[in-house]
Structure formats: C-alpha cells, structure tokens
Amino acid sequence: MANFRVREKCPACLVVICPNRRVARWAERALNAIDRDVAWTYARYLTLSLEGNAQREWGRRMAMMTYPYQGEYAERLHAEGEAKSVLWVLEGRGVPVPEGARERVMGCRDMALFDAWLLRAIEVASADEFFG
C-alpha cells in the first residue's frame, strides 16, 4: 500500500475480506461512500498488477461472491469491449465517427443494443445512418 501511494502520488485503497456479515455490512457502508469510478480504477489496477497464481487466485476468490464493484467492473469491461468492437467495424469500413457518436457508443451499457449496433455497423455509410 505504501509503495502504491508513493509511486502513484495518490491515496491508497485497501481491499478488505470480511470475516463475518456484521463486518461486511460495515465495510459495505464504507465502500458505498467511495465514488464508483474511483473504485473501478482501483479494482482494475489491482487486477492488472497481479500476475500468475496471484491473479488466478484473486479472480477465483472474487468470482465466489458477487460484490457490487466486481459486478459493475465486469459489466463495464464487457461493455467497453463491445463498444470498441462496434467502433472498430465502423472505422474499418471507413465510416467517419464523430466524437459525439464515439462518446455515445462508449457510454452505452445495454448489451442488447450492442448486438443491434454491431449488425448495423456492417451496413451503414454514416454515423447519422448508424443511429437513425
């Protein structure tokens, strides 16, 4: 923790594994006070900083229970991947993607909409047609 704080020049965050439900409820209240974007950044940093057995064990332990950050983290990563795929198809076909359209696609979290967008991305000639 101290190394991270010094290296990144920012406050450090400690991941707490709770021994019982009473402590878990207390920790949940504390964690809910953390901005979700900040929490996502820390969770991603932690996951990417681990290697080998430590990363596999972390993934196994996080998959055993559903935590709000773990679920949102996974959903956000999945949505980002889908969004990038949609943009990649549009750009690969030479369809100009204005910044506003890019932000709309990257901000989407509706997985069903990504399926429709991906099919549409292989047919349209413009961003207006894509969203139309």
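The values are calculated or read from the model by the stated rules, or taken from the named source; none is laboratory data. Note that this is a predicted model, so its numbers are computed, not measured.
Output the number of the condition that Phe114 fails; it satisfies all remaining conditions of (1) part of a loop (DSSP other than H, G, I, E, B); (2) modelled with pLDDT of 80 or more.
Unmet condition: (1).
If we keep just the residues of segment 1-46 that are over 23 Å from Gly59 (Cα atoms) and not in a helix (DSSP H, G or I), which is modelled with the highest pLDDT?
Ala33
Can you find a residue that is on the phi > 0 side of the Ramachandran plot, of a type in the set (Gly, Ala, Ser) and at pLDDT 80 or above anywhere in segment 51-64?
yes
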